[in-house]
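Note sheet for the following structure.
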Amino acid sequence: SARGLAPRTMSAHEGGPGYATTASASGYAEMYGPLLETRNLLLVDQRGTGRSDAIDCPSFFDDVDFAMAVLRCGQRLGASAHLYGTQLAADDEAAIIRALGLGKVDVYGDSYGTFYAQVFASRHPGLTRSLVVDAAYPTYGETAWYPTQGPAMRRSFNAVCARTPQCARLGGSTVRRLETLLDRIRREPISGTVYGADLARHRVTLDASALNYLAFNATYTSVTYRELDAAARAYLSRDD
């Protein structure tokens, strides 16, 4: 193989958009595990992220208004603002793959990385051996309101319960229990003092907005999928 590399290469891509792929190297190494004994792992930071001349836009930290933050960042970048699109990033990686003589690669993406991976595969099918999309975004029809997330979240909660024997034996569905919980806390929010991830105690209130935030947070941690149904059942049965 070229330059002493293994004959097969896997290419992984982070989400965001904005996360640096190389910053997740240890996570990808853990995910692929023993596959790396016989395969290369290619990690490319897309232009404007990580080690690839990361964009420096303080407006994203200073402005509450996201649209205004985007406007100010665009103004800061000036004539180069249009040079950070997904298709250009995909072409960058294609050039790297060709320069290294890797041939076809196995492409993986999570979250926004799935959008990137689909764009890469469509623009460079001759360099794509396989495509894995994890928590996939559509490449068209999406808006800033993310209308696909609600149905995906509800379907996922019910799927987790169906695949968990103890939960499946209860009948019904997680979403219906969450709907019942939502109706109740709209009338009477839950307040209390609880331990946070920082091991300190915090005074919190679970109202309709907070429950919505908590449910969608399952995107980022499997703990929410594992615990929220059980917590809802406990509260609805008055088991403090």
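Once a ≥ b ≥ c are taken as the square roots of the eigenvalues of the Cα gyration tensor of region 175-222, is the result rounded (a/c under 1.5), prolate (a/b larger than b/c) or oblate (a/b not larger than b/c)?
Working: a/c = 2.77, a/b = 1.27, b/c = 2.19.
Judged from the Cα gyration tensor, region 175-222 comes out oblate (a/c at least 1.5, b/c at or above a/b).
Who wins for biggest fluctuation among ARG201, ARG123, ARG226 in a Gaussian network model of the chain, springs between alpha carbons below 10 Å?
ARG201
In units of 2.2 N^0.38 Å, what is the alpha-carbon radius of gyration of region 124-216? Walk me through the intermediate numbers first.
On the way: Rg = 18.4 Å, N = 93, 2.2 N^0.38 = 12.3 Å.
Relative to the 2.2 N^0.38 Å estimate, region 124-216 comes out at 1.49.
Taking only C-alpha pairs under 8 Å that are 6+ residues apart, what is the relative contact order of region 97-240 in percent? Write down the numbers at each step before the final one.
Details: 131 pairs, mean separation 22.0, N = 144.
Averaging sequence separation for qualifying contacts and normalising by length gives 15 percent for region 97-240.
Taking the Cβ-Cβ separation of SER52 and LEU170 as r and a Förster radius of 51 Å, what is the calculated FRET efficiency to the nearest 0.05?
Details: r = 49 Å, r/R0 = 0.96.
After rounding to 0.05, the efficiency reads 0.55.
With every protein chain in place, what's the accessible area of TYR146 (1.4 Å probe, Å², nearest 10)?
Using a 1.4 Å probe on the heavy atoms, I get roughly 100 Å².
Which three semi-axes in whole Å describe the equivalent ellipsoid of the chain, each the square root of 5 times a Cα gyration tensor eigenvalue, listed largest first? Before the final figure, lay out each step's value.
On the way: eigenvalues 306, 119, 54 Å².
Taking √(5λ) for each Cα gyration eigenvalue gives 39, 24, 16 Å.
What is the chain's relative contact order, in percent, from Cα pairs under 8 angstrom and six or more apart in sequence? List each step's numbers first, then the result.
On the way: 273 pairs, mean separation 35.2, N = 240.
Relative contact order of the chain: 15 percent.
How large is log10 I(q)/I(0) at q = 0.09, 0.12, 0.22 Å⁻¹ when the Debye formula is applied to the Cα atoms of region 1-132, each weighted equally and without solvent?
Debye curve over Cα of region 1-132, log10 I(q)/I(0) at q = 0.09, 0.12, 0.22 Å⁻¹: -0.29, -0.50, -1.34.
Please report the antiparallel percentage of DSSP beta bridges with both residues in the chain, rounded to the nearest 5.
Roughly 30 percent of the DSSP beta bridges within the chain come out antiparallel.
Could you check the spin-label model distance between ASN212 and THR180? Points 7 Å from the Cα along Cα→Cβ, value in nm.
It is 2.3 nm.
Would you calculate a helix-derived [θ] at 222 nm for the chain, using -39,500 (n - 2.57) for each DSSP H run of n ≥ 4 and dividing by the full residue count, to the nearest 500? Don't skip to the answer; put the middle values down first.
Numbers: 10 runs with 107 residues, N = 240.
It comes out at -13500 deg cm²/dmol, rounded to the nearest 500.
Would you kindly give the portion of the calculated P(r) for region 121-163 that falls above 16 Å, as a percent of all Cα pairs? Numbers along the way, then the final one.
Values: 515 of 903 pairs.
Within region 121-163, distances greater than 16 Å cover 57 percent of Cα pairs.
Ranked from the most accessible area to the least, with a 1.4 Å probe and all protein chains present, what is the order of MET31, MET10? Display every interim value, and only then the final one.
Details: MET31 90, MET10 10 Å².
In descending accessible area the options line up as MET31, MET10.
Rounded to the nearest whole Å², what accessible area per residue is found for the chain with the 1.4 Å probe?
On the way: 14970 Å² over 240 residues.
I get 62 Å² per residue for the chain.
Would you work out the relative contact order for region 45-106, in percent, from Cα pairs under 8 angstrom that are 6 or more residues apart?
On the way: 28 pairs, mean separation 13.5, N = 62.
So the answer I get is 22 percent.
What fraction, in whole percent, of alpha-carbon pairs in region 4-49 exceed 18 Å separation?
On the way: 303 of 1035 pairs.
For region 4-49, the share of Cα pairs beyond 18 Å comes to 29 percent.
Taking the Cα centre of each part, how many Å lie between region 28-92 and region 200-240?
The distance from the Cα centre of region 28-92 to that of region 200-240 comes to 32 Å.
When the accessible area of region 92-240 is computed with all protein chains present and a 1.4 Å probe, what percentage of it is carbon and sulfur? Don't skip to the answer; put the middle values down first.
Details: 5130 of 9390 Å².
C and S atoms contribute 55 percent here.
Comparing HIS13, HIS82, HIS124, which has the greatest mean-square fluctuation in the GNM of the chain with Cα pairs linked when under 10 Å apart?
Of HIS13, HIS82, HIS124, the most mobile in the Gaussian network model is HIS82.
Heavy-atom accessible area of LEU199 with all protein chains present, probe 1.4 Å, nearest 10 Å²?
140
Taking the dipole about the Cα centre of the chain, with the C-beta of Lys and Arg at +1 and of Asp and Glu at -1, give me whichever of ALA168, TYR140, ALA94 is farthest to the positive side.
ALA168
The values are calculated or read from the model by the stated rules, or taken from the named source; none is laboratory data. The structure presented is a predicted model; accordingly, all values stated were derived computationally and were not measured. For neighbour counting, all protein chains shown are included, and Cβ atoms are generated from backbone atoms with ideal geometry for every residue, glycine included. What goes into the accessible areas is simple: the full protein's heavy atoms, side chains included, and nothing from ligands, DNA or RNA. Shrake-Rupley method; radii C 1.70, N 1.55, O 1.52, S 1.80 Å.
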